[in-house]
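Participant: My questions all concern the structure below.
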Amino acid sequence: MGGGSAGLLAALTLRRLVPEIDVTLVHSSEIGVIGVGEGTTAVFPDHLFTTLGIDPAEFYREAEPTWKQGIKFVWGPRDWFFYDFEEQYDWRFDGLPKPNGYYAEEDCTDLSSACALMSRGKAFASGPLGKPLVKGNYAFHIENHKLVECLTRLAREAGVKFVDDTLQGVERDAHGVKEVRFEKSGALSADLYIDASGFRAELIGKALEEPFNDYSGALFCDRAVIGGWEREDETLLAYTTAETMDHGWCWQIEHENFINRGYVFSSRFVDDDEAVEEFRSKNPKVGGDPRVVRFRSGRHQRNWVGNVVAIGNASGFVEPLEATAIAQIIYEVRWLAETLQLTDRMPDDRMREFFNQKVASAWDEIRDFLAYHYKFNTRLETPFWKACREDVGLGDYQGLYDAYREIGPSQLLVESLPTRPNIYGIEGFLAMLVGMKVPYANRYEPEAEERAAWESARGRLGRAASAGVTVSQALNAIRKPTWKWS
Ligand SMILES: Cc1cc2nc3c(=O)[nH]c(=O)nc-3n(C[C@H](O)[C@H](O)[C@H](O)COP(=O)(O)OP(=O)(O)OC[C@H]3O[C@@H](n4cnc5c(N)ncnc54)[C@H](O)[C@@H]3O)c2cc1C
């Protein structure tokens, strides 16, 4: 149930990976979709093109994504720093005895090719004949309505049946849901129900009353003001910007013809009107009336209960600071598809329990990763940011921070990870700790020779990036009739 990105990705993935299953997708055009969620991580293109085998040419033509190599954080004591989907800190340049993090106190730019590209306004390295090398761990910026339209067509072609109707009631039985009743279609029943009804969580939350684990002890923001403007002469950038604001932070997402801005804030510290005012004053180009969206951060205790599996915003939500929701949808549907494949579509309680543990620990990890962003941002002294530094809990990742304080950005930190394999590795956490210059004991003083090796490696990455291709040039290249996707 649900025709937003979660329902569509679930339907499409199940049809492709477990084709024995008949899928009917019920959505309500009366209710519509949330219509936000426009940055992805690198998991998304990989899922579309590799796992689902979608033709990139079709997808680029219809959904019109642009590329995202990472996030520029205007955050902490540096002017800014980058987070990317490659590795900056969890490796060492040739000739260095210690990992990169130990050398990045003063300058943390050009530690990966993605970061070098982003800081020069480029999207991809340039290949033969100056063509963009569209490969590696890139992600997308993509307008939600275009994504939904494109996925709807792909799902129809994959054999998903669509019903446009609004839920009226749910009848339960010992297995979970017996049948769902809709306004026009009457009662429908199935062996397995996917609840992708967004924040309404119609089945998992309302009908089955599965308890919700609230994340407000770590993540204080609960609303966003959203607006934007038609692109004028601004350069089309290959990254999302996340900028510290008085009571939260503001994103900038780069579409080809539109710039999308959103101020995520905490209603404990500011009311909607004041937040809109701060948003407008810092973004004078925002047109029309920005809309305010409310959300709560947390997850259902179990997301597979009886014959109901929740996916997407119905399953849980953390605010979009790392744009992780679509990636989480993909993990959830892949684990579901794998479970169904492994069990010949007859999963038992043990398999459901295993799924629930994986989904829960993925949500909790994202919560803790975002908590690092808040706990260590020293940029502003407003009541919101002071409260974040004092009160945000680091959850299961407190131990990683304790170890970092002693040993610094060492690869030995891997021993302090609470669950393995985890989504971000130590790389993600180090990007935030070193990016925000979080202090540690036993600082390392490199020799002059090491410094020279460090500068020379960064220089090589920088020179290659300078010869790279911008987003606009790459879009022009892939739209030429001679372009071939490999
Ligand atoms: C401020 C904000 C910013 C975000 N930014 C990002 C981002 O940058 N990147 C990212 O990955 N994610 C982001 N997200 C999350 C994003 O919303 C989700 O990734 C994504 O859109 C999934 O939504 P969904 O399909 O779960 O829900 P929705 O899009 O809300 O879809 C719900 C579906 O269920 C149907 N439905 C609901 N109730 C009923 C009913 N009673 N009867 C019939 N049908 C019903 C609706 O019609 C709809 O089709 C953001 C979220 C917020 C709030």
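Participant: As an exercise: evaluate Ile54 against (1) away from the ligand (no atom under 16 Å from the Cβ); (2) surrounded by fewer than 18 Cβ atoms within 10 Å (Cβ to Cβ) and give the number of the one condition it does not meet.
Facilitator: Result: Ile54 passes all but (2).
Participant: Can you tell which of Phe73, Phe49 is in contact with a Gly (Cβ under 8 Å, 6 or more places away or on another chain) and not in a loop (DSSP other than H, G, I, E, B)?
Facilitator: On inspection, the qualifying residue turns out to be Phe73.
Participant: Right, something else. Would you confirm, using the coordinates I've provided, whether Val26 is in a strand (DSSP E or B), near the ligand (Cβ under 7 Å from one of its atoms) and not charged (D, E, K, R)?
Facilitator: Judged against the criteria, Val26 is a match.
Participant: Every residue in the range 462-474 that is of a type outside the set (Ser, Thr, Tyr) and farther than 15 Å from Gln69 by Cα, please.
Facilitator: If the condition is that a residue be of a type outside the set (Ser, Thr, Tyr) and farther than 15 Å from Gln69 by Cα, then Gly462, Arg463, Ala464, Ala467, Gln473 are the ones that fit.
Participant: Being under 15 Å from the mean Cα position of the chain (by Cα) and polar (S, T, N, Q), is that true of even one residue in the range 19-28?
Facilitator: No: the range 19-28 contains no residue that is under 15 Å from the mean Cα position of the chain (by Cα) and polar (S, T, N, Q).
Participant: Next question, about the same structure. What tally of residues in the range 260-308 results from selecting those that are under 20 Å from Thr324 (Cα atoms), of a type in the set (Val, Ile, Thr) and more than 11 Å from the ligand (Cβ to nearest atom)?
Facilitator: The number of residues fulfilling the criteria is 0.
Participant: Could you list, in sequence order, the residues of the range 131-161 that are within 27 Å of Leu203 (Cβ to Cβ), within 11 Å of the ligand (Cβ to nearest atom) and surrounded by 14 or more Cβ atoms within 10 Å (Cβ to Cβ)?
Facilitator: Within the range 131-161, Asn144, Leu147, Val148, Leu151, Thr152 meet the criteria.
Participant: Are there any strands (runs of 3 or more DSSP E) wholly within the range 189-277 with 3 or more residues that are surrounded by 17 or more Cβ atoms within 10 Å (Cβ to Cβ) and in contact with an Asp or Glu (Cβ under 8 Å, 6 or more places away or on another chain), and if so which?
Facilitator: Correct list: 223-230, 239-245, 248-254, 258-265.
Participant: Hey, could you check the range 377-419 for residues that are charged (D, E, K, R) and touching a helix residue (DSSP H, G or I) at 6+ places or on another chain (Cβ under 8 Å) and say which is nearest to Trp363 (Cα to Cα)?
Facilitator: In this case the residue turns out to be Asp396.
Participant: Got a number for residues in the range 440-465 being assigned to a helix (DSSP H, G or I) and either among the acidic types (Asp, Glu) or surrounded by 11 or more Cβ atoms within 10 Å (Cβ to Cβ) (or both)?
Facilitator: 17
Participant: Failed condition for Leu17, given (1) within 13 Å of the ligand (Cβ to nearest atom); (2) out of contact with any His (no Cβ under 8 Å at 6 or more places or on another chain), with all others met?
Facilitator: (1)
Participant: Something else now. Kindly evaluate Lys178 against the criterion of being charged (D, E, K, R), more than 16 Å from the ligand (Cβ to nearest atom) and either in the same structural domain as Glu319 (by TED's automatic domain parsing) or under 25 Å from Gly298 (Cα atoms) (or both).
Facilitator: It is true that Lys178 is charged (D, E, K, R), more than 16 Å from the ligand (Cβ to nearest atom) and either in the same structural domain as Glu319 (by TED's automatic domain parsing) or under 25 Å from Gly298 (Cα atoms) (or both).
Participant: Still on this structure: For the range 313-341, which positions are modelled with pLDDT under 95 and outside any helix (DSSP H, G or I)?
Facilitator: Glu319, Ala323, Thr324
Participant: If you scan the range 140-178, which residues turn out to be part of a strand (DSSP E or B) and either aliphatic (A, V, I, L, M) or in contact with an Asp or Glu (Cβ under 7 Å, 6 or more places away or on another chain) (or both)?
Facilitator: Answer for the range 140-178, where residues must be part of a strand (DSSP E or B) and either aliphatic (A, V, I, L, M) or in contact with an Asp or Glu (Cβ under 7 Å, 6 or more places away or on another chain) (or both): His141, Val163, Leu167, Gln168, Val170, Glu171, Val177, Lys178.
The values are calculated or read from the model by the stated rules, or taken from the named source; none is laboratory data. Note that the structure is a prediction, hence the values are computed from the model and not measured. Ideal geometry is used to build each Cβ from the backbone, glycine not excepted, and the neighbour counts take in all protein chains shown.
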